[in-house]
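Input: a single structure, listed below in structure tokens.
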Protein chains: 2
Amino acid sequence: MILYDCKLAPSPRRARMFAAEKGLDLETIEVDLGSGEQLSELFTQVNPRCTVPALKLDDGTVIAENIAIADYLESVHPEPPLIGSNPLQRALTLELNARIEMEGLVALAEILRNSSPGMKDRALPGPHNYAQIPELAARGRARFQNFFPMLEQQLGSQEFLLGDRFSMADITAFVVTEFATWVKESIPSHCPSVQAWHQRIKARPSAEA
Amino acid sequence: MILYDCKLAPSPRRARMFAAEKGLDLETIEVDLGSGEQLSELFTQVNPRCTVPALKLDDGTVIAENIAIADYLESVHPEPPLIGSNPLQRALTLELNARIEMEGLVALAEILRNSSPGMKDRALPGPHNYAQIPELAARGRARFQNFFPMLEQQLGSQEFLLGDRFSMADITAFVVTEFATWVKESIPSHCPSVQAWHQRIKARPSAEA
């Protein structure tokens, strides 16, 4: 397997961290999003959607969505379970993960992509250009204010977001928390459980993957 | 199990259709989105996020994301497989399903929620109000123009989106196709494979679920 990657970007970091937690040492190929390499002819032959992460399997099949990469790696390397080891655990992980994507990752992407001068006309990933919508950046910021309080409520006094088991939901939320600094958002002081959780996740070797 | 449902809305239709394809006859409770019942105290006790579908399990746990509901039903009722019966099938289904959600469902929701007079201040689902952004409706319409051509290319001469196996991706794409008519979008004549596929899916009993 080869992971088409970009060390700086949040989405491929999710896949790298998932693989590292599984104990997998994936071969990676860096795609320089900063210079637009994802739009190059060479990379569009790998993934016509021009996004990373993209996992190329040994038979040549390319999987280019985090949810699909995670499910595949969980299927072929079940231990340790990061989605879940029974139907209910899996459902709760997938639900919270989807929520963190929508309320955290998408909100941050709306801020960054609709306000950064370097992302002019790149308001959405993929092969097509779309103009920035400043109001969407403002809405992203408004709704992101609910994200850390949501995590705080979810965590309570638990070690991880889903209790005593580390899961894909922790990975996605950790990556969101680190990505937030790009648009000058950070864990507010009224979310102490999230602050402590963030330190715990940051101490895991996979956080350096 | 009880499915909190809304007969008219696209998202719960995905869950109903998935259950019907599994041969499950779920008890349903109708939540009237038209009158804002999803925001009522009664329903927020079921799902604080104020969305349907929400599947209440026999132990009282509520699962309120389509991806989580589908994975749960696939786990406890594996036949017929709608996500997949091996790791690669699962990954390909999850990837295409995610793509159809982003490029189809989200684009349509952007059009509808940011332009319909009846959805003023309801530009996003959930407990918080957000003002409509007319430019986002316009962007949703622009990018939806790529949706049916994407499906056409994916289908080619196949019976279903992933070849000869019916999958969750067909369900999501079918619901998107029907939802599109709400904002006056329909399968263009230059996508004949999608038109024929739509008729095939519409003829399945689950399309009436």
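Comparing mean-square fluctuations of A:145, A:89, A:45 from a GNM of chain A with C-alpha springs under 10 Å, the top value falls on A:45. Summary for residue B:120: label point 7 Å along Cα→Cβ; distances to the equivalent points in the other copies, ascending, 3.7 nm.
Expressed as a rounded percentage, what relative contact order does chain A have, with Cα pairs under 8 Å and six or more residues apart? Can you show the working numbers first?
Values: 280 pairs, mean separation 43.1, N = 209.
Computed value for chain A: 21 percent relative contact order.
Counting lysine pairs in the protein assembly as shown whose alpha carbons fall under 23 angstrom apart, excluding pairs fewer than 8 residues apart on the same chain, gives 18.
Considering helices alone, the calculated mean residue ellipticity of the protein assembly as shown at 222 nm is -13500 deg cm²/dmol, with DSSP H runs of length four and up weighted by -39500 (n - 2.57) and normalised per residue.
Restricting to DSSP loop positions (anything but H, G, I, E, B) with no more than 12 other Cβ atoms inside 10 Å of their own Cβ, which GluC sites (Glu not before Pro) remain in the stretch B:1-96? Nothing satisfies the criteria.
Take the alpha carbon gyration tensor of the protein assembly as shown, find the square roots of its eigenvalues, order them as a ≥ b ≥ c, and report rounded if a/c is under 1.5; if not, report prolate when a/b exceeds b/c, else oblate. Rounded, since a/c falls under 1.5.
Over the stretch B:2-76, what is the mean sequence separation of C-alpha contacts under 8 Å (at least six apart), divided by residue count, expressed as relative contact order in percent?
Details: 91 pairs, mean separation 26.2, N = 75.
Reported as a whole number, the value is 35 percent.
Under the classification rounded if a/c is under 1.5, otherwise prolate if a/b is larger than b/c and oblate if not, where does the stretch A:1-116 fall, given a ≥ b ≥ c as square roots of the Cα gyration tensor eigenvalues? Taking the square roots of the gyration eigenvalues as a ≥ b ≥ c, the stretch A:1-116 is oblate. Here the residues B:5, B:170, ranked from fewest to most Cβ neighbours within 10 Å of their Cβ, fall in the order B:5, B:170.
Summarised as an ellipsoid, chain A has semi-axes of 26, 24, 13 Å, derived from the eigenvalues of the Cα gyration tensor scaled by 5 and square-rooted, with the largest first.
Amide H to amide H distances under 5 Å link residue A:130 with A:122, A:123, A:124, where only residues 5 or more positions off or on other chains count and H is placed in the peptide plane. Just to be sure I understand: with springs between alpha-carbon atoms less than 10 Å apart, which residue in B:108, B:39, B:57 has the highest mean-square fluctuation in the Gaussian network model of chain B? Highest fluctuation among the options: B:57.
What is the stretch B:87-208 by shape, rounded, prolate or oblate, if you read a ≥ b ≥ c off the alpha carbon gyration tensor as root eigenvalues and call it rounded for a/c under 1.5, prolate for a/b larger than b/c, and oblate otherwise?
Numbers: a/c = 2.09, a/b = 1.76, b/c = 1.19.
Here the stretch B:87-208 falls in the prolate category.
On the beta carbon distance between residue B:202 and residue A:119, with R0 = 45 Å, the FRET formula returns roughly 0.65.
None of the figures in this text is laboratory data; all of them are computed from the coordinates on show. All values derive from a computational prediction rather than experimental measurement. Reconstructed Cβ throughout: ideal geometry from the backbone, glycine too, with neighbour counts over all protein chains shown.
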